[in-house]
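This report concerns only the one structure given below.
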Amino acid sequence: MKVSIIGTGYVGLVTGTCFAEVGHKVICVDCDDEKVKLLQQGGVPIYEPGLEELIQKNVASGGLTFTTSTREGVEKSDIIFIAVPTPPLPDGSVDLSFMEGVARDIASVMTSYKIVVDKSTVPVKTGDKVVETIRRYCKSQVEFDVVSNPEFLREGFAVGDFLKPDRVVVGVRSQRPVTAMREMYAPFNCPIIVTDINSAELIKHAANSFLALKISYINAISVLCEASGANVQEVANGIGMDHRIGRAFLDSSLGFGGSCFPKDLSAFIKISEKLGYDFALLKEVQCINARQMDRFFKKIVDTLWVLKDKKIGVLGLAFKQNTDDVRMSPAIELCQRLQKEGAILRVYDPKAMEKAKSLLQNVTYVADMNSVAEGCDALVVATEWPEFKKLDLERVRKVMTHPIMFDGRNLFDLEEMERLGFIYKSIGR
Ligand code: UGA
């Protein structure tokens, strides 16, 4: 099918590339001239495993092209996906100005029937507004349909998630666009849920909030584990084997971060407020998350006492494994708090050091993970990169001034750490 994707951020780029990979003809549109040039030359602005190879392959075969022209994208496609940012406003609600701008742009160049699909995360009832906007700014009486098709990609696993989705949600106002949407997703062989637009929009916020709730739940349990001498990983395994609960998203941590959960939680609380419901449960999810960081920081202070001039190594800057994304990263927040108390930081991340540099200055960026701890009073694990599990712990202990480790991701075995002579403080165990 002929499709265009407006917005080549993280979601748009993965969506466009994966659609091209399964044989659709895709035009990715972005207003950022530099980014489009980079993509046309085979460069990729983000780190996402497997994405670069797929872009290069599909650009070479002609199935994937990039342009700055919305007109070109709209004229040459039957389906137009909108994948623009929907950032938070200061009060936590969603800034829909990019969405509105793109709806107007599409309307102004549309001359035949189009399906306009919203992929961005938006408040319930946005679809209605998009319909109104297109109608208002469309010069002629062109027919169109608006569809809501939220994305459920995880950064770091986005290509796999897109190619093998658990489900695809398609929200429609009439049956007309359903066949085309089914055809778009037919190559993925997955369940397709066809529903109304409001439900589709709600599904996205409800899903992300539930996942955040799961993390806060296990983080609350981690407090009880620490107070009682239980082990949160044992508890997570024990409850997770009940298929009604499931083990996924029960890894206790120093809190969730990233560009989705914190923003979507605030947005969902605001959306609920506007709909007349005080979603106190989700406010508590936010509080537990904030306290988890406070508790971890307190653990460091309680152990090291005065942080001023203490040398601390930090493993991980990205908000999670497999990504170079540092937006709302708990690791960065922790580093900034340590710096504020006067600690001297040596930091390492396999992919995120370049992007961290604008947020984190006056630290030593170290080239390999085994050297981070050199001369340090303590080592902190802040991101769950799998390679950190392969740390040469004997060497790390020898090069540290004091063998103290704070593990915000529970990567290491308690007995092994004791055997190696570490003072080892992790989460909920
Ligand atoms: C999340 C959702 O998982 C995706 O389904 C959704 O499409 C996406 O938001 C979005 O709305 O665009 P993402 O933010 O990429 O994806 O990352 P997650 O893997 O969900 O992790 C979010 C945060 O929770 C990270 O900081 C991670 O370290 C933390 N986390 C995750 C935990 O602390 N414990 C866990 O058990 C799982």
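Some notes on this structure:
- Computed over the chain, the P(r) curve from all C-alpha pair distances, binned at 20 Å from the origin, holds 24, 51, 23, 2 percent per bin.
- Candidate lysines - alpha carbon under 25 Å from Lys398, same-chain residues fewer than 8 apart omitted: Lys299, Lys308, Lys310, Lys311, Lys389, Lys390, Lys425
- Label point at Lys2 placed 7 Å out along Cα→Cβ; residues across segment 133-163 whose backbone nitrogen lies under 18 Å: 142-145
- Backbone phi angles across segment 75-86, fed through the Karplus curve with coefficients 6.51, -1.76 and 1.60 (θ = phi - 60°), yield HN-Hα couplings of 4, 8, 10, 8, 10, 10, 8, 9, 9, 9, x, 10 Hz in residue order; Gly and Pro are listed as x.
- The Ile423 and Glu354 beta-carbon pair, evaluated with R₀ = 45 Å, returns a calculated FRET efficiency of approximately 0.85.
- Nearby aspartates and glutamates by direct alpha-carbon distance to Lys270 (threshold 16 angstrom, same-chain neighbours under 8 apart not counted): Asp91, Asp95, Glu201, Asp278, Glu284
- Partner lysines for Lys114 [C-alpha distance under 26 Å; skip if fewer than 8 residues away on the same chain]: Lys2, Lys25, Lys76, Lys125, Lys129, Lys139, Lys204
- Sorting 98-107, 284-293, 239-248 by average packing, meaning the other beta carbons within 10 Å per residue, from highest down gives 98-107, 284-293, 239-248.
- Full-extension gain in nm, Asp166 to Thr111, via 0.36 nm per residue minus C-alpha separation: 16.2 nm
- Legend: helices of the chain (whole DSSP H runs) are marked when their alpha-carbon atoms reach 30 angstrom or more along the helix axis and their mean Kyte-Doolittle hydropathy is at least -0.5; marked are 197-228, 280-304.
- Stokes-Einstein diffusion for segment 177-223, with the hydrodynamic radius set to the Kirkwood value over Cα pairs and evaluated at 10 °C in a medium of 1.306 mPa s, equals 120 µm²/s.
- Taking a quarter of the surface of the Cα convex hull of segment 346-407 gives a mean projected area of 4.1 nm².
- Counted over all Cα-Cα pairs of segment 287-425, pairs farther apart than 20 Å make up 39 percent.
- Model label sites at Thr179 and Asn198, defined 7 Å from Cα along the beta-carbon direction, differ in position by 2.9 nm.
- Mean-position separation - Cα centroids, segment 278-308 and segment 312-368, in angstrom: 18
- A cut-off of 5 Å between modelled amide H atoms, ignoring neighbours fewer than 5 places along the same chain, links Phe81 with Ser4, Ile5, Ile6, Val117.
- Treating r as the C-beta distance of Gln141 and Glu34 and R0 as 35 Å, the FRET efficiency rounds to 0.40.
- Using the average count of surrounding beta-carbon atoms within 10 Å as a protection proxy, the listed peptides 172-178, 226-232 rank, highest first, as 172-178, 226-232.
- Annotation for segment 222-331: chymotrypsin sites (Phe, Trp or Tyr not before Pro) lying in DSSP loop with at most 12 further Cβ atoms inside 10 Å of their Cβ are Tyr277, Trp305.
Coordinate-derived values only; no laboratory data. Note that the structure is a prediction, hence the values are computed from the model and not measured. Note that each Cβ is placed from the backbone with ideal geometry, even for glycine, and that neighbours are counted across all protein chains shown.
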